[in-house]
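First up is the structure itself, then whatever we jot down about it.
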Amino acid sequence: MGQNSTRNNRILEWADYYFMNKDFDKAFSLYSKMGESIPLKSRRNFSRVYAQRGQLEEAARTLKPLVDSDSAFVKDYYYFASYLSNDVKLRDEYRRKAIRLPIEEYSHKPIDPVNPLYKLVPLALNTEGSEFGAHVINFNDKNLLIYTKNQSKEFTKGLSKKIISRTPIYNLYKAEWDSKNLQAQSPKAFELGINSVFQDGPSSWDGLNQILYFTRSSKSSQKQKTIQLDLYSFNYNINKKPIAHALPFNLKGYSTIHPSVNLQNQRLYFASDRPGGFGGMDLYYVDILGDEKYGLPVNLGPDINSTRDEVFPFAFGKNHLFYSSKADDGGLSLKLAINTIDVRWYVMNLPAPFQSKLDDFSFSLSDQLEYGMMSSNRNTDDLEDDIYVFKFTPKLSGIEDHYIYNPIDTLIMSQNGVLKNDNLEMLSYDPLTSLFSKEAELVNDVHHGTLKFNSNGSFLYKNEDPSKVKDSFSYIIKSKYGKSPSTKVLLRRSEVSIEKLTSSMEKTFLPIFYDFNKSNLLKDYKDRVDTLVDAMKENPDMIIEVSSYTDCRGSKDYNLKLSQKRNQTIINYVSKQIGNSDRIFGKGYGENTISGNNTLDYLIVGGSFKDLNNAIHHQKKYQKLGYEIIVNKTEKDQYHLILGQANTYSIAQKMAKKIRKKGFQVWINKCNCCKLSEEEHSQHRRTDFKIIKP
C-alpha cells in the first residue's frame, strides 16, 4: 500500500509539473494512469487538460466529484458550469453556488508601505474648480489628455434655471499631452456635439474602433426638468459628421455613468443605480458586439458591489479593474479588483500614496504602464478635485524560500515554485505589481546536484551527494521595469527526528557504540543491524543515512579508514538484505568531527604565556628561525606555542630532541582530546543512523 501511494504521488507531481509548463500531452498521459483513483485536488488540473483537448463531457465527468465535495473552490464551479454546454439549467445552478463561496486566491491583504513607491504630482492645468476623469488617447497621431472639468460659460447660455441637478455640471476638455515629461498644455473644451449645455464627461476611448464613450445628461430627463445621466458614444470612424448616440442599455429613471472600455475583453464597464443591484451605484459591464450593438448588462457581483456607491471603474488588461467605493465617512476610496473568474474578484485597497482622508477616484493608467493618473480633493486649500500624475515605478523583490528534498528522488516544484510567495509579497506592499508579467532567472546554480529552473518559477532538483544536508541556489525576478536583488532558495535534506518515532522504532535507530579495537562488526553487532534490516523491510519508503566515527587516539588516516570500513560494512549488508542500494547511504568521518580535535595526538610546546600579545611576540622570534608556530589556547586560558605535532609519543620525542639541540627549551603535551576519559572516548566510537524518509 505504501509503495503504491508513493508511486501515485510521484505520478501526480510530474503531471502537475507538466501541466504548469503547458506540456499538456505529457500531463494527460500521467493523469490518465490514475484512472478513477485520481484524488480530488488532482481532478482540477486533469479536467482542464480534457477541456483544452476539446473533450468537455470528459472534463465535466472528471471534475464533478470535486465540485460535489467540500473541497471545491470558486473556480471549480465556474469551470464545471462552462463544461455543461448542453445543460443550461444545471450550468446556472453551479454558477449560483459559486457566487456564495469565498474567494481563496490570496492569503493576505495589502498594507500601506512606510515609504510609498510612487510620487503624485498635480498637473499644471488644475484650476480652482474641479478636474477629474483624466486619460490619454492617441488621435490622428497626437497624444491628447482627455478630462472633465466644471462647465464653461460658453455652454451654459441656453441652460434653463428650472433644470435640477444634484451635482455640479461638467464638460469634456482636451489638452496636448507630453508623455515623456508628463505635462499637458493648451487645454480647451471639446466642441459642441460632444459637449452640450448639460452634463458631459467623464469619458473612455476605444482606440481600436475610434469611439469615444462618455457620460451625458439624457434628453428625456431634460423634458422632465431634471438631469438623468446616461452613456453616449461618439464614433469618429464614420464618413459623415459623427453624432453622439445614447447607448441602448441606458435605463429610464436611473443613471448609467462612468464608462471604461476594455479592448482585451471587448467589454464596456460602467456604474449604475438600476434595479437588481446591491444598493447605491453598482458596477456593471456589457459585451461590445460591434455595429453599435451590446450585450445585456452584467452586475460585477458581491465581491465588488455593496450597499454603498461603487463608481469610476477603470479596466486594465483582462483581469484588473480599478474603482472607487464610498467609505463609512462618505469619502471615495480607491480599490483594485483582480478577476478570479467570471464575476468573482479579489478586492484590495490601494496603498499610499493613492489613499487620503478625502476623496480619491478616477484612476487610469497608460496602455504601456509608463504612468498613471488619478483625481483627489486632498489639497486642503480649496478641497476641489485635482488631477495627479505619477510615473509607474514598481519595486521587484523576492522572498527566501525553503524546500525539503529526498536525496534519492527528484524534488518537483510546480504551483508552489519560487514566484508564488514572491508575487504575494509584492502584492502586499504594491498591488500594481500584479499588472505586468514577471519572470524568474537563475543567477547561482546548486552545489550538490542538478537543477532545471523555469522562468515561471517551477523547478526540478536532483541531489547528487546524499551526505550533504543542505544545498541552495539563487535567482532574480525580471520584467520591463528592471531586475530584483538576488533571492536565495534553501534546499534541505529531509530528516525525521528520532523523538517522533515509536518507542520500538526509536530503539532500532539508536547509535551503535564500539569497544576499543573491536573490528568484527557483523559478528559482534549483527543483531542490531538485523533489526535495522527488518525495520526497512516493513517500511519500503524508508531511506537511511549511516555515519561512523572513531575516537581521536591514533593516526587520523587510520581512524578515517577504520570508520569508512565499518560504515561500508553496514551499508553493504543492509543493501543486500533489502535489495535496494539507493535506500541506504553514508560515509565514515574518523575523528574529524570531534570538537577541539584540530591537532595530532602529541604536541611539542615551546612556551606558555598568560598574555596573548606576549605569546605572539615570542612566536615571531621562532618564525624568524624558520619554524611554523601555532598559538594554541588551552582550557586554563594559557597560550602555548606549538612547534610541532605527532601521532605517537616516540615520534614526538625525536622531534623534541632535534629542537632542543638548537638551544630551545620544549616539552611534550598530549592533545586535549587525548586527555579524555575512556568513557568519553567510547562516545566517539560509534555509528549513527538518520532517517531521511520514513
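Yes or no: region 11-27 includes at least one residue that is outside any helix (DSSP H, G or I) and more than 26 Å from the chain's Cα centre (by Cα). Don't jump to the end; show me each part of the working.
Start the filter on region 11-27 by keeping residues that are outside any helix (DSSP H, G or I), which leaves 21-23.
This time we only want the ones that are more than 26 Å from the chain's Cα centre (by Cα), so: none.
Within region 11-27, none of the residues are outside any helix (DSSP H, G or I) and more than 26 Å from the chain's Cα centre (by Cα).
Name the strands (runs of 3 or more DSSP E) wholly within region 529-642 that hold at least 1 residues that are touching a residue at least 60 places away in the same chain (Cβ under 8 Å) and of a type outside the set (Phe, Trp, Tyr)?
Per the criteria, 543-549, 584-588, 602-609.
Tell me which residues, restricted to region 494-519, are under 18 Å from HIS402 (Cβ atoms) and either out of contact with any strand residue (DSSP E or B) (no Cβ under 6 Å at 6 or more places or on another chain) or assigned to a loop (DSSP other than H, G, I, E, B) (or both). Result: SER494, GLU495, SER497.
Looking for something of a type outside the set (Asp, Glu), at pLDDT 95 or above and not in a loop (DSSP other than H, G, I, E, B) - is there at least one such residue anywhere in region 153-161?
Narrowing region 153-161 to residues of a type outside the set (Asp, Glu): 153, 155-161.
Filter once more, so that each one left must be at pLDDT 95 or above: none.
No - not one qualifying residue is present in region 153-161.
When you check TYR514 against the structure, is it over 30 Å from SER555 (Cα atoms), buried (at least 18 other Cβ atoms within 10 Å of the Cβ) and of a type outside the set (D, E, K, R), yes or no? Before the answer, list the steps.
Details: over 30 Å from SER555 (Cα atoms): no; buried (at least 18 other Cβ atoms within 10 Å of the Cβ): yes; of a type outside the set (D, E, K, R): yes.
The answer is no for TYR514.
Does region 374-386 contain any residue that is surrounded by fewer than 22 Cβ atoms within 10 Å (Cβ to Cβ), among the charged types (D, E, K, R) and under 16 Å from ASN181 (Cα atoms)? No, the conditions are met nowhere in region 374-386.
Would you be able to say whether some residue in region 255-272 is part of a loop (DSSP other than H, G, I, E, B), loosely packed, with under 15 Cβ neighbours inside 10 Å, of a type in the set (S, T, N, Q) and not assigned by TED's automatic domain parsing to the domain that holds LEU369? So far as region 255-272 goes, no, none of its residues is part of a loop (DSSP other than H, G, I, E, B), loosely packed, with under 15 Cβ neighbours inside 10 Å, of a type in the set (S, T, N, Q) and not assigned by TED's automatic domain parsing to the domain that holds LEU369.
Among the residues making up region 295-305, those that are in a loop (DSSP other than H, G, I, E, B) and surrounded by 16 or more Cβ atoms within 10 Å (Cβ to Cβ) are PRO297, LEU300, GLY301, ASP303, ILE304, ASN305. Scanning region 244-253 for residues that are surrounded by fewer than 16 Cβ atoms within 10 Å (Cβ to Cβ) and part of a loop (DSSP other than H, G, I, E, B) turns up PRO248, LEU251, LYS252, GLY253. So for region 450-471 (the condition being of a type outside the set (Ser, Thr, Tyr), in contact with a Leu (Cβ under 6 Å, 6 or more places away or on another chain), surrounded by fewer than 16 Cβ atoms within 10 Å (Cβ to Cβ) and not in a helix (DSSP H, G or I)), does at least one residue qualify? Yes, region 450-471 contains a residue that is of a type outside the set (Ser, Thr, Tyr), in contact with a Leu (Cβ under 6 Å, 6 or more places away or on another chain), surrounded by fewer than 16 Cβ atoms within 10 Å (Cβ to Cβ) and not in a helix (DSSP H, G or I).
Just give me the residues in region 524-556 being closer than 19 Å to SER682 by Cα and either within 50 Å of the chain's Cα centre (by Cα) or surrounded by fewer than 15 Cβ atoms within 10 Å (Cβ to Cβ) (or both), in sequence order.
Of region 524-556, the ones closer than 19 Å to SER682 by Cα are 524-525, 528, 546-556.
Result: ASP524, ARG528, VAL546, SER547, SER548, TYR549, THR550, ASP551, CYS552, LYS556.
Counting the residues of region 112-144 that are touching a Phe, Trp or Tyr at 6+ places or on another chain (Cβ under 6 Å), touching a residue at least 40 places away in the same chain (Cβ under 8 Å) and not in a loop (DSSP other than H, G, I, E, B) gives 6.
Which of the residues spanning region 138-149 are touching a strand residue (DSSP E or B) at 6+ places or on another chain (Cβ under 6 Å) and either at pLDDT below 85 or surrounded by fewer than 22 Cβ atoms within 10 Å (Cβ to Cβ) (or both)? ASN143, LEU144 - these are the residues of region 138-149 that are touching a strand residue (DSSP E or B) at 6+ places or on another chain (Cβ under 6 Å) and either at pLDDT below 85 or surrounded by fewer than 22 Cβ atoms within 10 Å (Cβ to Cβ) (or both). Of all residue pairs spaced 6 or more apart or on separate chains, those with beta-carbon atoms under 6 Å, a first member in region 318-329 that is under 17 Å from MET281 (Cβ atoms) and a second member that is assigned to a loop (DSSP other than H, G, I, E, B) are LYS326/ARG308; LYS326/ASP309.
Every condition in (1) over 16 Å from GLY586 (Cβ atoms); (2) touching a Lys or Arg at 6+ places or on another chain (Cβ under 9 Å); (3) part of a loop (DSSP other than H, G, I, E, B) is met by PRO485 except one, and the failing one is (2). Scanning region 179-222 for residues that are part of a strand (DSSP E or B), surrounded by fewer than 17 Cβ atoms within 10 Å (Cβ to Cβ) and of a type in the set (A, V, I, L, M) returns a single hit, LEU192.
Only one of LYS654, LYS633, LYS661 is within 55 Å of the chain's Cα centre (by Cα) and either more than 19 Å from LYS556 (Cα to Cα) or assigned by TED's automatic domain parsing to the domain that holds ASP557 (or both). Can you tell me which? LYS633 is the lone residue from the list that is within 55 Å of the chain's Cα centre (by Cα) and either more than 19 Å from LYS556 (Cα to Cα) or assigned by TED's automatic domain parsing to the domain that holds ASP557 (or both). Of all residues in region 84-91, none satisfies being assigned to a helix (DSSP H, G or I), loosely packed, with under 13 Cβ neighbours inside 10 Å, in contact with a helix residue (DSSP H, G or I) (Cβ under 9 Å, 6 or more places away or on another chain) and outside the structural domain of SER458 (by TED's automatic domain parsing). Of all residues in region 334-372, those satisfying the criterion of being closer than 21 Å to LEU263 by Cα and assigned to a loop (DSSP other than H, G, I, E, B) are ASP342, VAL343, SER366, ASP367, GLN368, LEU369, GLU370.
Scanning region 306-338 for residues that are under 19 Å from ALA134 (Cβ atoms) and surrounded by fewer than 19 Cβ atoms within 10 Å (Cβ to Cβ) yields a count of 0. Among the residues here, THR433 qualifies as farther than 30 Å from ARG493 by Cβ and either part of a helix (DSSP H, G or I) or among the acidic types (Asp, Glu) (or both). Can you find a residue that is loosely packed, with under 15 Cβ neighbours inside 10 Å, at pLDDT 90 or above, under 30 Å from LYS149 (Cβ atoms) and of a type outside the set (A, V, I, L, M, F, W, C) anywhere in region 396-409? No, the conditions are met nowhere in region 396-409.
The values are calculated or read from the model by the stated rules, or taken from the named source; none is laboratory data. Please read these numbers as outputs of a predicted model, since none were measured by experiment. So basically every Cβ, Gly included, is an ideal-geometry build from the backbone, and we count neighbours across all protein chains shown.
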